Amino acid sequence: MDPSHFVRILVGNLAIKSNASSKPSSSAKVHPSSSSFFCHIHLKPKPNNNNSPPRRHIATVPLISPDTPPPHSLAACFDFTKPQILNHCLYLKISVYKNRTTSSSSCAFGQPKFLGKITVPLDLSLPESRACMFHNGWVALGGNNTSNQLLHLTVRAEPDPRFVFRFDGEPECSPQVFQVKGDVKQPVFTCKFSFRDKTQAQAHFQPSVNLAERKGWSITIHDLSGSAVAAASMVTPFVPSPGSQRVSRSNPGAWLIIRPDGDGTWKPWGRLEAWRESNAVGYRFEVADRVTVAGSTIDSQHGGKLTIDVTSPGGSRDLGFEQQMYKGFVMSAKVEGEGKRGKAEVEVEIGVQHVTCTEDAAAFVALAAAMDLSMDACKLFSQKLRKELRQRQ
């Protein structure tokens, strides 16, 4: 099946060019965190989709001297599916502000001063295979910009095809996994959940067994021929910190994501750690050479997404840097929280450039399953797990 069509809008390379009345730093370079300029980046109109990502970003804007080239950095990234952009006339609005400071201090004081705004129309009716530059260069700020500063920005759109997979049920129920494109879906994988440690599987029936840990969970991904193509195995138990009912960040539970290596052997691909915060589940994912490629939190009640995206603000790639390991959007996995209603669905999106074989896709699917299971493993130990996670196998 062909991948689903996605498009990304990237906004970056922001800078304010000074004139004689606005002096840059002596080095002519300002670290973004110390800049007194910032901007709001809005995407309008907002699509009528409750599941759509946020359409507003706030970014700092460095002040540079006239002879300094603008920095290569990413300020905002917006993702769309084809139905979201069909028959929509979108535009970006960038509003620029300057923090007010006291004469004796560099600390921000009072309401920021509005300098001006820029509107960039976005024509997304372009062929799916074409990248498009909407703006790249300097533009004058209007509004209250009495100093006549210029804003530099780059706005471009690029195709970002992705494979979309959907679990037909909770991972612990050993569901099928379908590839989805629009209204069409076809089975591609099956999952098998099991307990490596039979003592854990029998704990529900033996009250004397210690229930103060969740361990031994495993899920294997098979292709349609029945061959195992990836697996996620809980290698560090999820246990509460002393005196609490919570898995702590200092002692997280962990999964090893493995792939077949030929001759019946397996090799590690990545490691997922998870822990419980007050109202969220924290996670960190490392590839096998101990490089962290994702880390954030997911709302424990409503769920959210594990995302590996080295194009997003704060990621390890920007508009002027080539990431050696991963590039652009890698994957996202939508998982459910404790407040789920009705049939829960884990959905996985994987960038096409990161899938060269079945095992590639299966490894990301196994990672998504491990993240979803971690939402259960990180429940407070005063809460009861669902029966599939404590049932005799």
Legend entry - Hits in the range 120-155 - residues which are at pLDDT 90 or above and either hydroxyl-bearing (S, T, Y) or closer than 17 Å to H5 by Cα (or both): T154
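Do we have G337 as modelled with pLDDT under 95, in contact with a His (Cβ under 7 Å, 6 or more places away or on another chain) and of a type in the set (G, A, S) here? Let's see the steps before the verdict.
Values: modelled with pLDDT under 95: yes; in contact with a His (Cβ under 7 Å, 6 or more places away or on another chain): yes; of a type in the set (G, A, S): yes.
For G337, the condition - modelled with pLDDT under 95, in contact with a His (Cβ under 7 Å, 6 or more places away or on another chain) and of a type in the set (G, A, S) - is met.
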Legend entry - Selection count, the range 261-280, where residues are buried (at least 17 other Cβ atoms within 10 Å of the Cβ) and farther than 23 Å from V310 by Cβ: 2
Inset, instruction - Would you mention how many residues in the range 182-198 are modelled with pLDDT under 95 and surrounded by fewer than 13 Cβ atoms within 10 Å (Cβ to Cβ)? - result: 4
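How many residues are surrounded by fewer than 18 Cβ atoms within 10 Å (Cβ to Cβ) and in a strand (DSSP E or B) if we restrict to the range 281-304? Let's see the steps before the verdict.
Of all residues in the range 281-304, those surrounded by fewer than 18 Cβ atoms within 10 Å (Cβ to Cβ) come to 284, 286-292, 295-297, 299, 301-302.
Still in the running and in a strand (DSSP E or B): 284, 286-287, 292, 295-297, 299.
The qualifying residues number 8.
Looking at the range 356-378, is at least one residue assigned to a loop (DSSP other than H, G, I, E, B), at pLDDT 95 or above and buried (at least 16 other Cβ atoms within 10 Å of the Cβ)? Give the steps one after another, and end with the answer.
Of the range 356-378, the ones assigned to a loop (DSSP other than H, G, I, E, B) are 356-357, 378.
With at pLDDT 95 or above added as a condition, the list becomes 378.
So of that shortlist, the ones also buried (at least 16 other Cβ atoms within 10 Å of the Cβ) come out as 378.
Within the range 356-378, one or more residues are assigned to a loop (DSSP other than H, G, I, E, B), at pLDDT 95 or above and buried (at least 16 other Cβ atoms within 10 Å of the Cβ).
The rows are residues; the columns are (1) over 16 Å from the mean Cα position of the chain (by Cα); (2) among the polar types (S, T, N, Q); (3) under 24 Å from V239 (Cβ atoms).
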site	(1), (2), (3)
G339	yes, no, no
K343	yes, no, no
Q383	yes, yes, yes
R386	yes, no, yes
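I'd like to verify a number: residues in the range 212-238 that are assigned to a loop (DSSP other than H, G, I, E, B) and either modelled with pLDDT under 95 or among the basic types (K, R) (or both), how many? Reasoning before the result, please.
Restricting attention to the range 212-238, the residues satisfying the condition of being assigned to a loop (DSSP other than H, G, I, E, B) are 212-213, 215-216, 224-227, 237.
When the remaining residues are screened for being either modelled with pLDDT under 95 or among the basic types (K, R) (or both), the result is 212-213, 215-216.
Selection size over the range 212-238: 4.
Residues checked against (1) of a type in the set (S, T, Y); (2) at pLDDT below 65; (3) not in a helix (DSSP H, G or I):
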{"site": "A15", "(1), (2), (3)": "no, no, yes"}
{"site": "V30", "(1), (2), (3)": "no, yes, yes"}
{"site": "S52", "(1), (2), (3)": "yes, yes, yes"}
{"site": "A59", "(1), (2), (3)": "no, no, yes"}
{"site": "F80", "(1), (2), (3)": "no, no, yes"}
{"site": "N87", "(1), (2), (3)": "no, no, yes"}
{"site": "F114", "(1), (2), (3)": "no, no, yes"}
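The values are calculated or read from the model by the stated rules, or taken from the named source; none is laboratory data. Given the structure is predicted, the values throughout are model-derived calculations rather than measurements. Don't worry about glycine lacking a Cβ; one is built from the backbone with ideal geometry, like all the others, and counts go over all protein chains shown.
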